[in-house]
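Q: Sharing a structure below in structure tokens format, with a few things to ask.
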Amino acid sequence: MKVELKRLKAPFNFEAHNEQGQTIKIDGAPDIGGHNNGFRPMELLIAGVGGCSAIDVVLILEKQRQKIEDLEIVLHAERREEIPKIFTKIEVEFLFKGEIEPHKAQRAIDLTMEKYCSVTTILEATCEITHSFKVNGK
């Protein structure tokens, strides 16, 4: 795996490129001189939790022959005040639409969060990660 960053605008605005040609913009907070022109690095970690868990959950539910019409994941994270300002808590909420049996959704999420999601495994060494879900608003 290879990712390259190229500076777009001083001091902190960068664009990251992966080997497949995809890009994502990164920037610092305005209070340190950033311009709000991209994700902050810690936001990228949270997005990684969402993306990794989404892929795993969808794969598991598809194997269980569940019909997912839509999936939204909402993540909330808290960080400590001391430097380094690592995460202390991450809440992951899965919002499903479709023909999904709740016990199968629960099982898929448990497997994802406890076994398959590499990003979650890395972060749970330093913070509490919780999860919840709703199927069709319930």
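Q: Any idea how many residues of the range 81-119 are crowded, with 19+ Cβ neighbours inside 10 Å and touching a strand residue (DSSP E or B) at 6+ places or on another chain (Cβ under 6 Å)?
A: Kept after step one, since they are crowded, with 19+ Cβ neighbours inside 10 Å, are these residues of the range 81-119: 87, 90, 92, 94, 96, 100, 105, 108-109, 112-113, 117.
Those still in the list that are touching a strand residue (DSSP E or B) at 6+ places or on another chain (Cβ under 6 Å) too: 87, 90, 92, 94, 96, 100, 105, 109, 113.
Of the residues in that region, 9 qualify.
Q: Would you check if Lys89 is more than 16 Å from the chain's Cα centre (by Cα) and among the basic types (Lys, Arg)? Before the answer, list the steps.
A: Working: more than 16 Å from the chain's Cα centre (by Cα): no; among the basic types (Lys, Arg): yes.
Taking the combined requirement at face value, the residue does not satisfy it.
Q: Out of all the residues in the range 23-56, which are over 25 Å from Thr112 (Cα atoms) and among the polar types (S, T, N, Q)?
A: Thr23, Asn36, Asn37
Q: State the number of residues belonging to the range 1-46 that are surrounded by 15 or more Cβ atoms within 10 Å (Cβ to Cβ) and either free of Cβ contacts under 8 Å to residues at least 12 places away in the same chain or of a type in the set (S, T, N, Q) (or both).
A: So the count comes out to 2.
Q: More than 18 Å from the chain's Cα centre (by Cα) and more than 23 Å from Lys138 (Cβ to Cβ), is that true of Glu82?
A: Working: more than 18 Å from the chain's Cα centre (by Cα): yes; more than 23 Å from Lys138 (Cβ to Cβ): yes.
It is true that Glu82 is more than 18 Å from the chain's Cα centre (by Cα) and more than 23 Å from Lys138 (Cβ to Cβ).
Q: If you don't mind, there's one more thing I want to ask. Can you give me the number of residues within the range 51-77 that are touching a strand residue (DSSP E or B) at 6+ places or on another chain (Cβ under 7 Å), touching a residue at least 60 places away in the same chain (Cβ under 8 Å) and of a type outside the set (S, T, N, Q)?
A: So the count comes out to 0.
Q: Here's a follow-up. Considering only the range 21-50, how many residues are of a type outside the set (Asp, Glu) and either under 16 Å from Lys6 (Cα atoms) or in contact with an Asp or Glu (Cβ under 9 Å, 6 or more places away or on another chain) (or both)?
A: Of all residues in the range 21-50, those of a type outside the set (Asp, Glu) come to 21-26, 28-30, 32-42, 44-50.
Remaining after also requiring either under 16 Å from Lys6 (Cα atoms) or in contact with an Asp or Glu (Cβ under 9 Å, 6 or more places away or on another chain) (or both): 21-26, 28, 34-41.
Selection size over the range 21-50: 15.
Q: Would you confirm whether or not the range 43-57 contains a residue that is on the phi < 0 side of the Ramachandran plot, outside any helix (DSSP H, G or I) and touching a helix residue (DSSP H, G or I) at 6+ places or on another chain (Cβ under 8 Å)?
A: Here is the first cut: in the range 43-57, the residues on the phi < 0 side of the Ramachandran plot are 43-57.
Now narrow it down to the ones that are outside any helix (DSSP H, G or I): none.
No, the conditions are met nowhere in the range 43-57.
Throughout, read-outs are computed from the coordinates displayed, never taken from laboratory work. Since we're looking at a predicted model, the values are computed, not measured. As a convention, Cβ positions derive from the backbone with ideal geometry for all residues, glycine included, and neighbour counts pool all protein chains shown.
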